[in-house]
1. Taking amide H positions as placed in the peptide plane 1.01 Å from N, state which residues far from A:Ile356 in sequence (5 or more) or on other chains have amide H under 5 Å from it.
2. List the lysines whose Cα sits under 19 Å from the Cα of A:Lys141, skipping any in the same chain fewer than 8 residues away.
3. For A:Gln6, project a label point 7 Å along Cα to C-beta. Then give me every residue of the stretch A:76-107 with its amide nitrogen under 16 Å of that point.
4. Give, in whole angstrom and from largest to smallest, the semi-axes √(5λ) of the equivalent ellipsoid of chain B, with λ running over the eigenvalues of the Cα gyration tensor.
5. At a Förster radius of 25 Å, what calculated FRET efficiency corresponds to the Cβ-Cβ distance of A:Val345 and A:Asp223, to the nearest 0.05?
6. Could you tell me which GluC sites (Glu not before Pro) in the stretch A:309-405 are loop residues by DSSP with no more than 13 other beta carbons within 10 angstrom of their beta carbon?
7. At a Förster distance of 60 Å, what's the computed FRET efficiency of A:Leu373 paired with B:Val121, Cβ-Cβ distance as r, to 0.05?
8. Report the full-extension gain for the segment A:Glu252 to A:Ala199: residue separation times 0.36 nm, less the Cα-Cα distance, to one decimal in nm.
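What follows draws every value from the coordinates through simple rules; no lab data is involved. Given the structure is predicted, the values throughout are model-derived calculations rather than measurements. Neighbour counts run over all protein chains shown; Cβ positions are idealised from the backbone, glycine included.
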Amino acid sequence: MKRFIQLYLELDSTNKTSRKETALISYFQDAPPRDAAWVVTYLIGKRPRTAITAKHVRMAAIEAASIPPWLFEESYEAVGDLAETVSLLLDDQDRTTSGTLSHWIEDRLITRTTADDQEKVTTLRGWWDELDQSGRFVLTKLITGGWRVGVSQRLITRALAQTFDLPVDIVAHRLMGRWQPDDGFYERLTASDTRDAEAGKPYPFFLASPLEEDLATLGDCRDWLVEWKWDGIRAQIIKRCDQVFIWSRGEELVSEQFPELVAAAGALPNGTVLDGEICAYSKESSPHPKVLPFNELQRRLGRKTVGKKLLGEVPVMLLAYDLLEHGGIDIRGTACSDRRNLLAVLVRNINQDDTISISAEVNGASWDEFSTLHQSSRERLVEGFVIKDRQSPYGVGRRRGSWWKFKVDPYTIDAVLLYAQRGHGRRASLYTDYTFGVWQDDQLITIAKAYSGLNDAEIREVDRFVRQNTIERFGPVRSVNPTLVMELSFEAIQRSSRHKSGIAVRFPRISRWRRDKKPPDADTIETIMALLPSPKR
Amino acid sequence: MLIQHTSRGLYCPAGDFYIDPWLPVPRAVITHAHGDHARFGCDSYLCAAPGVEPLSLRVEGIIQLIGYGEQISINGVRVSLHPAGHVLGSAQVRVEVKGEVWVVSGDYKREPDPTCAPFEVVSCHTFITESTFGLPVYRWPAGERVITQIYEWWSENAAAGRPSVLLSYVMGKSQRILAMLGEYDELPGPVYAHGALQQMNEAYRRAGIALMDAPNPVSVANNTDVFTTALVLAPPSAQSSSWLKRFKGCAVGRVSGWMRIRGRRRRLALDKGFVMSDHADWPALLTTISETGAERVIATHGNGSALTRFLVEQGVCAEAWTDKEWPEGEEQVQ
């Protein structure tokens with residue numbers, strides 16, 4: 001435990017990734033495997049269930065600090081982190097921490113208990129008594145999660161790879177999927193024999209660059225393959241050695257989240273790697289499946305397990321657009337059009353249903369025709385075009401020239417700041433989370449929340465405005481005099497029964513502060529409703 | 001009401017004077033020379049004698065001095081100044097009319113500080129207290145311990161060949177650090193100071209405060225190699241300036257009470273935060289309020305509403321004057 005607290009302090013005391021990596025490497029070099037396995041588990045954000053929860057943390061802190069609950073909440077609001085609030089409220093004391101990290105976790109935190117809330121509070125206070133301020137912080141973080149110490153899964157992966165002299169993608173692969181942080185896990189994670197992980201290795205994704213110019217600048221349109229730019233998740237599906245692996249672009253193995261894709265990809269021949277977009281779709285719109293907007297797909301994301309109900313409600317499909325490996329051979333060097341022909345044959349051969357489909361080519365005789373089609377992107381729920389040089393190989397990363405994305409401009413509206421809430425983590429105590437409204441008759445109704453888009457100086461200015469123009473406080477939220485007008489951008493707009501305005505917008509952000517506008521100049525709900533796509537047959 | 005809260009600041013109608021006004025007035029009583037308390041443009045200023053050197057760097061006009069504890073009469077109101085322990089020359093203002101006593105604390109701390117006189121408890125009927133750090137999460141570690149942390153951080157950086165840049169307020173905090181480091185027999189390397197600090201250091205020296213042997217101005221270094229083991233003191237504003245570039249690969253730390261909160265430190269992209277403040281922390285606020293024996297407590301600056309709500313629940317008559325946001329304190333970080 002002591003060594004882990006020290007590691008935490010080292011990670012926290014530098015803002016530089018390279019020094020965080022050094023700290024992790026020096027920890028992994030001499031840490032007991034069982035402890036190290038837990039450190040990996042927690043720092044990549046997997047947290048086992050504990051008998052004592054955030055509720056008990058609050059109760060115990062209020063009791064130990066002898067302060068009223070409201071004062072605890074005010075303190076929490078100023079600090080922006082529960083575990084930190086606790087560590088700051090209790091008397092500091094010098095303590096030498098004993099016991100290994102795995103002892104603290106396995107014999108205390110995750111053991112099952114029949115204790116009631118009050119007994120749990122007493123237990124937790126006893127643990128706190130054994131620790132100094134940073135120890136309490138770290139222990140409480142083991143309960144509440146959210147380290148906010150600038151360590152990503154990538155960084156952990158890199159540090160492990162460095163320490164044990166392994167390729168980064170091998171470690172990344174071994175960290176995927178289901179595992180328990182036991183002795184065997186850490187041994188497998190750091191094993192020098194890498195054959196286990198070869199089968200699931202993806203290729204680096206090739207990325208399209210934004211096309212800022214006119215379509216016509218690309219030359220003859222027959223040299224280019226034009227596809228719709230789907231609003232889903234970019235993914236590679238790998239079938240090797242009778243196993244299926246699905247990787248998202250964030251170098252994350254997401255196979256478990258998409259069981260229907262794993263099943264469908266089982267029919268692919270071994271030695272196949274597809275590149276495409278995972279999208280949610282509706283089965284009702286036969287004969288052709290209709291792709292659903294991203295917010296439907298979102299319901300499927302970030303879950304450990306996907307229930308039957310959800311599988312039925314939001315089925316997903318892969319819209320495949322490239323073939324990277326065929327018959328066990330890396331064909332990325334061949335021409336785009338050749339790869340696509342092979343892909344078409346492959347998809348046709350396996351197809352039982354639409355779960356793995358080919359992303360259709362958009363056909364046009366001239367760039368003018370394509371332009372017209374591009375204007376229908378919104379109704380088709382796509383983000384625009386992806387345009388590929390038919391002769392180009394599949395590259396690595398974002399290299400300009402052969403793959404372009406040609407997006408539609410975002411929607412923009414002018415809205416009025418109505419509510420503000422303090423941020424968390426590095427934005428703790430600043431009012432940075434805003435809710436905006438637009439006019440409905442003579443009332444402002446909320447339309448969207450936006451957290452990003454202002455620079456630091458503007459955030460400070462809005463923060464000051466919020467403090468000086470508060471009408472009412474509801475817990476951490478303040479309502480403010482409707483005065484500030486901001487231009488919001490968003491990618492898509494939908495009807496929604498869950499929102500008061502009847503509208504849900506996708507990826508809203510502040511595009512600029514309209515200091516030149518006053519609240520009466522803000523948009524009305526009617527003008528926004530008019531942006532709703534009319535469904536296209 | 002002996003003292004009122006007006007749009008220009010705290011006002012004593014009986015004596016017709018203001019305390020730390022934020023707009024120009026004919027007569028100002030100044031608790032200390034920080035920018036948010038001592039504003040330019042008043043006709044006359046009254047301050048505690050030890051504070052004259054720093055104050056005359058900030059304001060012009062007539063400066064009247066009285067010693068700590070010395071009583072004078074302003075339009076029939078008895079006024080005296082008492083040490084607040086905040087920075088050099090900082091004072092609490094005691095105001096008495098017909099036996100009724102009010103004390104305005106100004107900014108204060110209870111911790112020892114080698115650069116200024118220690119806080120003195122002044123009994124009163126009404127105590128107007130600052131509450132910059134009016135939440136129970138603000139509790140300061142002992143100053144000695146923080147100086148040790150700074151020393152260790154500097155040693156570690158020096159050993160690795162990294163300059164240590166330490167950001168702290170120009171007046172008060174920087175001199176406190178210099179004075180405390182001056183007590184070490186040996187230091188990990190040379191000490192340099194940003195140009196903005198030189199003037200204030202000189203003012204402190206003229207006032208007879210023993211600071212460490214003159215820190216070198218950064219500008220005299222003819223070769224940036226000298227910085228690899230150095231501690232460089234600078235104002236917080238230097239963090240975002242190109243001035244910082246000359247300290248290649250430096251570690252940047254900041255000394256402030258706000259560093260108690262990790263999020264604030266992370267937001268400023270600092271490598272290290274040292275928790276040292278010239279303000280009262282939560283326990284010191286409560287102790288002081290109780291020691292003054294005041295029947296009534298008024299909180300200004302900072303989180304006054306939480307402090308007074310807490311006091312009211314403890315049976316103390318308390319209110320917060322927070323209907324207007326107070327000017328941003330010297331300690332305010334972005």
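1. A:Leu318
2. Output for A:Lys141: A:Lys2, A:Lys20, A:Lys46, A:Lys55, A:Lys120.
3. Residues A:95-102 qualify, since their backbone N sits under 16 Å from the label point.
4. Working: eigenvalues 261, 95, 55 Å².
Working through the eigenvalues yields semi-axes of 36, 22, 17 Å.
5. Working: r = 23 Å, r/R0 = 0.92.
Calculated value: 0.65.
6. On the way: sites: A:Glu313, A:Glu325, A:Glu361, A:Glu369, A:Glu379, A:Glu383; in loops: A:Glu379, A:Glu383.
Here the GluC sites (Glu not before Pro) that fit, given the DSSP loop and packing criteria, are A:Glu379.
7. Computed FRET efficiency for A:Leu373 and B:Val121 comes out at 0.15.
8. Numbers: separation 53, 0.36 × 53 = 19.08 nm, distance 1.53 nm.
Going from the current span to full extension adds 17.5 nm.
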